[in-house]
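The values are calculated or read from the model by the stated rules, or taken from the named source; none is laboratory data. Please read all numbers here as calculations on a predicted model, not as lab measurements. Every residue, glycine as well, gets a Cβ built from its backbone with ideal geometry; the counts of neighbours run over all protein chains shown.
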C-alpha cells in the first residue's frame, strides 16, 4: 500500500473540515426534510365514505369532517391542534384529503372553498334546519337506504396573520369541543 504525501497539512485539514461540514449539512437537511414532510401533513381517514355512512345510519346525529390538502401551509398550521382536539372529541371526526376522489366529491357536496376547513354535519330537524341562512342542508344516501338530511356548517381552522400561518384556535375548540 502506497502512502499519501501531504504537502500542506493546514490546507488539507481545512478542506477536509469544509468537506465534512458540507456533507453533514446536506445529509442532515435531507433527513430532516424527509422526516418533516412525512409528518407535517394530516392523514386521510381510510375508507372515509364507508365509515361516515355507517355512522350516519347507526344513528349518529353529528359528524365532523376535517378537510386538508397535502402541502397546504394553512392545513399544516392547524394540524397539531386539530389532531389533539379530534382525539378528545366524542363526535366522530373524519379527515378528508381534498385531492382524493372522495374528497373532490365532498368538496362539491359540502360547499368547501378552502382546504383548511372544518365541516360540521348535524342531523337536520325543523329547529336547526333554518337557524342560520348561510348553513347548507344536504341529503346523504348510501345505496337504497333512506336518505338522511344534515345541516352543514363550514368553518376555517387556520389563517395567515401578519405573514404567519396560524391555527384558528377558537374555531377549532368551538367545533371540536362541542363534541366532548
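Quick notes on this one:
- Those residues of segment 162-180 which are loosely packed, with under 12 Cβ neighbours inside 10 Å and within 16 Å of residue 72 (Cβ to Cβ), in sequence order: 164
- Some residue of segment 55-65 being within 10 Å of the chain's Cα centre (by Cα) and surrounded by fewer than 19 Cβ atoms within 10 Å (Cβ to Cβ): no
- Of the set (1) at pLDDT below 80; (2) surrounded by fewer than 17 Cβ atoms within 10 Å (Cβ to Cβ); (3) closer than 27 Å to residue 177 by Cβ, all apply to residue 12 but (3).
- Considering (1) out of contact with any helix residue (DSSP H, G or I) (no Cβ under 6 Å at 6 or more places or on another chain); (2) in a loop (DSSP other than H, G, I, E, B); (3) modelled with pLDDT of 90 or more, the lone condition that residue 104 does not fulfil carries the number (2).
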